[in-house]
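The values are calculated or read from the model by the stated rules, or taken from the named source; none is laboratory data. Bear in mind the structure is a predicted one, so any value in this text is a computation, not a measurement. When we count neighbours, we look across all protein chains shown, and the Cβ atoms used for this are built from the backbone with ideal geometry, even at glycine.
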Amino acid sequence: MRQIDEWTNETLVSGCIALDPEARRVLYDKYSAQMFSVCMRYANDKEGARDIFQDGFYRVYKNIGQLKNVEALSGWIKRIFVNAGIEHCKKTSKTIFLEELKAHPINQPVNWNAALSNISTQEIIGLIQELPEGCRTVFNMYVIEGFSHKEIAAELQISTGTSKSQLHDARKILKQKLAKLSIPSKPVTSDE
C-alpha cells in the first residue's frame with residue numbers, strides 16, 4: 001500500500017477511473033476534510049453536510065473520467081462539492097429571500113480585529129450556518145466561491161438585485177454577530 005504523498009494526480013485519477021479501491025481511498029483521505037468544510041458552509045447542520053458530502057464524492061467517483069486536466073483535480077473536486085451544496089440548498093429548502101431585514105444597529109464602536117482574532121474557523125462556519133438560508137447561500141457563492149451576482153442570479157433563479165440584497169443582509173447579520181462577540185461583558189460587582 002502506497003502512502004498518500006506517493007500518489008500523483010495522474011495516478012489518482014487513472015486509479016479511480018480503473019475503480020481501484022486504494023486510489024479511491026487515497027483520493028477520499030486527501031480531500032475529505034477540506035470538502036466536508038465546504039459542505040458545512042452550505043448545510044443547516046451536520047446531517048445536511050453529510051448528505052452533501054456523500055453526494056459530492058459519489059459525483060467525483062462517477063465523473064472523474066471526464067476530468068480533462070489532472071493538474072486541476074483539486075479545483076474540479078471543489079467545484080463538484082460547491083455545486084452539490086447549491087443543489088442541496090435548492091432541494092431541501094423553500095429558500096425564502098428576505099424582503100427586509102429588521103436589524104438592530106449596534107451603537108457601540110466595534111474592534112473588528114479583536115472580534116475576528118478571538119474566533120476560530122469553526123465558530124466562523126457556525127456563524128455562517130446561522131444565517132437565513134437565502135443569505136447563507138448567496139454569501140457562500142459570492143464571498144467564498146467567487147461567483148458574480150449575475151451567476152448567482154442565474155443559478156438560483158433570482159434577480160441580481162435579490163442576490164445583492166441577500167449579500168448585504170448576510171454581511172449585516174455577520175457584523176452584528178461579530179460585534180456581540182467583541183463587546184466585553186459587563187463585569188459583575190458586589191453591589192449587583
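So the values come out like this:
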item: Test: residue in the stretch 100-107 that is at pLDDT below 85, surrounded by 13 or more Cβ atoms within 10 Å (Cβ to Cβ) and under 19 Å from His168 (Cα atoms); result: yes
item: Residue satisfying all of: in the stretch 57-86; among the charged types (D, E, K, R) and surrounded by fewer than 15 Cβ atoms within 10 Å (Cβ to Cβ); modelled with the highest pLDDT among these; result: Lys62
item: Any hit, the stretch 16-33, residues being within 13 Å of Lys78 (Cβ to Cβ), of a type in the set (Phe, Trp, Tyr), free of Cβ contacts under 8 Å to residues at least 24 places away in the same chain and assigned to a helix (DSSP H, G or I); result: no
item: Of the criteria (1) small (Gly, Ala, Ser); (2) more than 13 Å from Lys180 (Cα to Cα); (3) modelled with pLDDT under 85; (4) surrounded by 14 or more Cβ atoms within 10 Å (Cβ to Cβ), which one Ser120 fails; result: (4)
item: Flag if Leu127 is within 25 Å of Ile158 (Cα to Cα), at pLDDT below 75 and under 23 Å from the mean Cα position of the chain (by Cα); result: no
item: Residue selected from the stretch 33-56 under the condition surrounded by 16 or more Cβ atoms within 10 Å (Cβ to Cβ) and small (Gly, Ala, Ser), by the criterion modelled with the highest pLDDT; result: Gly56
item: Candidate set from the stretch 8-25 (those that are touching a Gly at 6+ places or on another chain (Cβ under 8 Å) and of a type outside the set (Asp, Glu)); member that is surrounded by the most Cβ atoms within 10 Å (Cβ to Cβ); result: Ala23
item: Top-ranked residue of the stretch 160-176 - restricted to ones that are buried (at least 18 other Cβ atoms within 10 Å of the Cβ) and within 24 Å of Ile125 (Cβ to Cβ), ranked as modelled with the lowest pLDDT; result: Leu174
item: Which numbered condition Asn140 misses (of (1) without any contact (Cβ under 8 Å) to a residue 12 or more places away in the chain; (2) crowded, with 16+ Cβ neighbours inside 10 Å; (3) closer than 23 Å to Gly126 by Cα); result: (1)
